[in-house]
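Just below is one structure, and these are the notes that go with it.
The values are calculated or read from the model by the stated rules, or taken from the named source; none is laboratory data. Everything numeric here is computed off the predicted structure, so don't read it as measured data. Every residue, glycine as well, gets a Cβ built from its backbone with ideal geometry; the counts of neighbours run over all protein chains shown. Areas reflect the complete protein model, heavy atoms only, side chains present, ligands, DNA and RNA absent. Shrake-Rupley method; radii C 1.70, N 1.55, O 1.52, S 1.80 Å.
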Amino acid sequence: MQPHNVLVTVTGYDRPGVTSALFAALAAHDVEVLDVEQLVLRDRLVLGVVLALHGDPGHLRRAATRAAEALGIEIEVTITEDLPDPAARQPVRHHVTVLGRPLRAGAVGEVARRIADLGGNIESISKVADEPYVGLEMVVAGAEQRALTRALVTAAQETGTDIAVQRAELRRRSKRLVLLDADRTLIPVDTLGLLAEIAGRGAESARLLASVASVGSPRAPDDAHGPNDPDPT
């Protein structure tokens, strides 16, 4: 008999032990984990688990419901007969990063509309930047890169946001270094001074900054001299 495709969706207040208790209840059944997505938003947990179930779906649903009641969370168990074909071609995915100060709901809606107009689907959204800017990263499937880029460049101009589009591929995962000019554009503090304090060189950093500032201040031309100064010639 073919296994059942089961989607278990959990929502509720997050606390330690919720995920472990849920999987302990699932472990009593003949199931294989195919996919898991979990996030916590303002102390609210959203957890989705895709399973391949070999056995009675009713028993699994009752066990999962009892576990959810004991944890004080909500659970939904959806059972279908169709398992995803592992040989099926996966859609092309892109990472769309949106940065705004502030980031208005209308801007997010406009970005989402333009993605949908191209036949793209937003699979996930996560926060990647905080104050003073808010940054969101969307994983978009099914949209052609050039058309997506053109559409979102226009959206950025109309909404006053910064938007970047990158192909989701393995080499992107190796990028871990971001270089920024330390001019307080994104970080409203003296970042170099903070690093110096951590290294125990705060006073030296302050003296160096003061000397640089004095060198860069306006000064009289080299040939200027007062009436009592000796003639340079």
Exercise for the section: Could you work out the local net charge near residue 141, counting Lys and Arg as +1, Asp and Glu as -1, over the other residues with Cβ closer than 11 Å to its Cβ? Expected result: 0
Fill in the blank from the handout: From highest to lowest solvent-accessible area (probe 1.4 Å; ligands, DNA and RNA excluded), 133, 13 read 13, 133
Problem - Residues whose placed amide H lies under 5 Å from that of residue 30, excluding near-sequence neighbours - result: 54
Practice task
Work out from phi, with θ = phi - 60° and the Karplus expression 6.51 cos²θ - 1.76 cosθ + 1.60, the ³J(HN,Hα) of each residue of the range 113-124, listed in order in whole Hz, and give x for Gly and Pro.
Solution key: 5, 5, 5, 5, 4, 8, x, x, 10, 7, 8, 7
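So what's the net charge close to residue 77: Lys and Arg +1, Asp and Glu -1, counting the other residues with Cβ under 10 Å from its Cβ? Could you put the intermediate results ahead of the total?
Numbers: positive: 61, 62; negative: 76.
In short, +1.
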Completion exercise
Across all Cα atoms of the range 96-142, Rg and the largest Cα-Cα distance (Dmax), in Å, are 10.7, 33
Handout entry: Pairwise label distance in nanometres, residue 36 with residue 69, each label 7 Å out on the Cα-Cβ vector
Key = 2.6
Exercise for the section: Note the full-extension length gain between residue 19 and residue 127 as 0.36 nm times their separation in residues minus their Cα-Cα distance, in nm to one decimal. Expected result: 36.7 nm
Completion exercise
With a ≥ b ≥ c from the Cα gyration tensor eigenvalues, square-rooted, and the rule rounded for a/c under 1.5, otherwise prolate when a/b > b/c and oblate otherwise, the range 1-85 is prolate
Handout entry: For residue 159, net neighbour charge (Lys/Arg +1, Asp/Glu -1) across residues whose Cβ lies under 9 Å away
Key = -1
